[in-house]
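Data first, discussion second: the structure below is written as structure tokens.
The values are calculated or read from the model by the stated rules, or taken from the named source; none is laboratory data. Because the structure is predicted, anything quoted here is derived from the model rather than measured. All Cβ positions, even for glycine, are placed from backbone atoms using ideal geometry, and neighbour counts span all protein chains on display. Calculation scope for accessible area: heavy atoms of the full protein, side chains included, ligands and nucleic acids excluded. Shrake-Rupley method; radii C 1.70, N 1.55, O 1.52, S 1.80 Å.
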Amino acid sequence: MKNIVTKTIGLTLIATALTGCVGSNAVTEKVVTFNVEVVDNRYARAGVNLLLAPVYGVTTAVDYVVFNSLEFWTGKNPLNGKPHLFDTKVDTQFKINDELDPSLTDAPIAPISNNRTIESGVLKSVDENTIQMDITYNNGDTGVLTGVRNGEDVSYFIDGQLVSQTTMGQLEALQAEKA
């Protein structure tokens, strides 16, 4: 009985991992980008590519087993936000989606990443210890980022929820480092 359960679990894991064979390969894409950006000569890039061959093997495995599988099941890659290749709208030879239950035409799990970016922000001083930024994201959502100084401590809130804390000394050190 134990052997059957082990085999069943193993086959389930293999079947799930095999859904990741097709995807945007986000981890490998980052290595390819590094490879191309390291030098401008095509032959030197080929040499870097040979040196990175073991790295490509590891990143491809990670993409196949982890990130492409997540991309398949959620509909978006959690690293780059790209939709899964199988969700691409193209002119197909066989059209079957209209005949299927809608639950069989989309990814079954909601994406695990929120790939929105800040489109604009308006900064204003609320009082001598509080600054506020009204944020508009690229998807139309809005939010409020607030920084509140209490003596030497500074607390940061997004939409009223505490997200980070620092000190004035840490901020001054960061400013000196960036100068």
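Observations
- Label zone at LYS178, where the point sits 7 Å out along the Cα-to-Cβ direction: region 124-140 residues whose backbone N lies under 20 Å: 124-126, 129-136
- Taking THR8, THR60 and ordering them by how much accessible surface each has at a 1.4 Å probe, largest first, produces THR8, THR60.
- On the basis of the beta-carbon distance and an R0 of 41 Å, TYR43 and ASN138 show a calculated FRET efficiency of 0.55.
- Its residue count N fixes a reference of 2.2 N^0.38 Å for region 78-178, and the Cα radius of gyration divided by that reference is 1.71.
- Of every Cα-Cα pair in region 122-171, the percent that sits beyond 13 Å: 59
- Given charges at beta-carbon only (K, R positive; D, E negative), |dipole| of region 1-110 in Debye: 440
- Recomputing P(r) over Cα pairs in 10 Å bins from 0, in percent from the coordinates shown identifies the correct label among (1) 10, 37, 34, 14, 4, 1, 0; (2) 8, 19, 21, 24, 19, 7, 1; (3) 9, 28, 23, 11, 7, 6, 6, 5, 3, 1, 0, 0 as (2).
- Peptide packing for 157-164, 172-179 was compared via the average number of neighbouring C-beta atoms within 10 Å per residue; ordered from the highest value, the list is 157-164, 172-179.
- Of the residues ILE135, ILE96, ILE118, the one that moves most in a GNM of the chain with alpha-carbon contacts below 10 Å is ILE96.
- Using a Gaussian network model of the chain in which every pair of alpha carbons under 10 angstrom is joined by a spring, one finds that among GLU119, GLU128, GLU71 the greatest mean-square fluctuation is at GLU128.
- Kirkwood radius, region 49-133, all distinct C-alpha pairs, inverse of mean reciprocal distance: 16.9 Å.
- For the peptides 62-68, 83-89, residues were scored by their other Cβ atoms within 10 Å and the scores averaged per peptide; the highest-first order is 62-68, 83-89.
- The stretch between THR166 and THR130 holds 11.5 nm of extra length on full extension. This uses 0.36 nm per residue minus the Cα-Cα distance.
- Residue with peak Gaussian network fluctuation, the chain [Cα springs, cutoff 10 Å], from ARG149, ARG45, ARG116: ARG149
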